[in-house]
Amino acid sequence: MVSPIGIGREGFLEGMRTGASGARDGATEGREGATYAGVRVAEVRGFDATQFLGDKGLRSLDRLTKLLVVATRLAVHDAGLKTEGAWPPAPEGSRPWAERVGMVVSNAYGSLEAIHELDRVALLEDRRYINPARFPLTVSNSAAGYASIWEDIRALNVSVSDGNCGSLDAVACADMFLEHGRADALLVGGAEALTDALPLAFHRLGMGGACIGEGAALLVLETRDGARARDAEVLAEITGYGTSFVGPEPEGALVRASPEGLERAVAAALTDANVRATEVDLVVSGVSGLRTFDEAELVAIRHAIGEDVLVVAPKRAFGETLGAGGAMGMMAALAHLRFSASAPVVRGSVRGEVRTALVTSVGYYGNASALVMRAASR
């Protein structure tokens, strides 16, 4: 985890325990920017990739890639896949571990930093001055590609783009890949980098109230048998997933908050998990300060789960991280399921021990996804 409230498992959990918030008014740190009315930002302040990756090979990488590469390195070590930078020896007759681990990663907008830089040079100076080393970063899956290269991850590498729902959808993709034996373990999650273009876009769209964040969050997913075989520490189980889409009305509308879509997604996730609505102890929502979308999400949660369930909104602490938002929500759910945690409460109260959590995400275009997580047996 690389987030505005902490880096690494312990840093993030400490931020969750203390109720830390990365939200601030003002321009983005260390870059050109302006303060836009009603828009706040949540940065990974003081982020220095060299502390984790060393001084070499970083010059041409953008912020998105650095965030994801650092999260990848932290994840493979935290999950015990690597020790001191090395893969363990594979059992005789088995493929090397590097070929058995892959990635499924979401981002919503790719590297706006690189795209903006190249466009600005082309428009304001001359196309001949574009830095060719930065051009590969404009491809949306380049950050995941670099992460695989840095950590010698050789199984499949997939990038998912579905806006705010992308990280939860990445889990569904990973489930299929694991089922079909494409990998033994998958790093799954999302990453998004804060650039000046994002606050400006939200400002011009009139989407005031948002706190726009950044970060990278990855979980290692594997089958129960796979985790048992390598004696892994299992933090939680993912037991259900659902997604839905309700198109904008009128048809040509740009954005749509869809309570119907999320209600259907939640119903599908509960059915997939074989869990009743009354068994859900906690809802980790995507509520972020965008009034229209927040209201739609809370209406859907009330219809699908009920009034009394505890609903938290961790995005109020670490911002709307878009393509990374679902993975950040899963991390927040883990903090509640397995560790002592505190997140901004929207409504409801704890009904007892938190054993089952629902993570929800509402996209801006009529899409919605939901995921059920259960605490692992101890």
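Numbers at a glance
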item: Size descriptor, Kirkwood hydrodynamic radius, that averages inverse alpha-carbon separations across the stretch 2-229, Å; result: 18.7 Å
item: Share, in percent, of DSSP beta bridges within the chain that are antiparallel, nearest 5; result: 60 percent
item: Relative contact order of the stretch 2-229, pairs being alpha-carbon contacts under 8 Å that are 6 or more residues apart, as %; result: 28 percent
item: Three semi-axes of the equivalent ellipsoid, the stretch 309-378, Cα gyration tensor, whole Å, largest first; result: 21, 13, 12
item: The chain, dipole about Cα centre (Lys/Arg Cβ +1, Asp/Glu Cβ -1), debye to the nearest 20; result: 340 debye
item: Sum of -39500 (n - 2.57) over DSSP H runs of 4+, divided by residues of the chain (222 nm, nearest 500); result: -10500 deg cm²/dmol
item: Likely footprinting exposure, Phe293, Phe135, fewest C-beta neighbours within 10 Å first; result: Phe135, Phe293
item: Cβ charges +1 (Lys, Arg) and -1 (Asp, Glu), total dipole of the stretch 257-378, debye; result: 340 debye
item: Modelled FRET efficiency - R0 41 Å, Phe52 with Arg291, Cβ distances, 0.05 increments; result: 0.65
item: Per residue convex hull volume, Cα atoms of the stretch 107-148, in Å³; result: 55 Å³
item: Residue order, fewest to most surrounding Cβ atoms within 10 angstrom, among Lys82, Lys56; result: Lys56, Lys82
item: Paramagnetic reach from Phe339 in the stretch 57-97 [backbone N under 15 Å; point 7 Å along Cα→Cβ]; result: 74-80
item: Neighbour-count ranking [beta-carbon atoms within 10 angstrom, fewest first] of Met207, Met330; result: Met207, Met330
item: Alpha-carbon Debye profile of the stretch 236-375, log10 I(q)/I(0) at 0.12, 0.13, 0.22 Å⁻¹; result: -0.40, -0.47, -1.41
item: Rotationally averaged projected area of the stretch 141-243 (alpha carbon convex hull; nm²); result: 8.4 nm²
item: Percent of beta bridges antiparallel (DSSP, the stretch 236-375, rounded to nearest 5); result: 70 percent
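Since every read-out is calculated from the coordinates, none of them should be taken as a lab result. Values in this document were obtained by computation on a predicted structure and should not be read as measured data. A quick note on method: Cβ atoms are made from the backbone with ideal geometry, for glycine too, and the neighbour counts reach across all protein chains shown.
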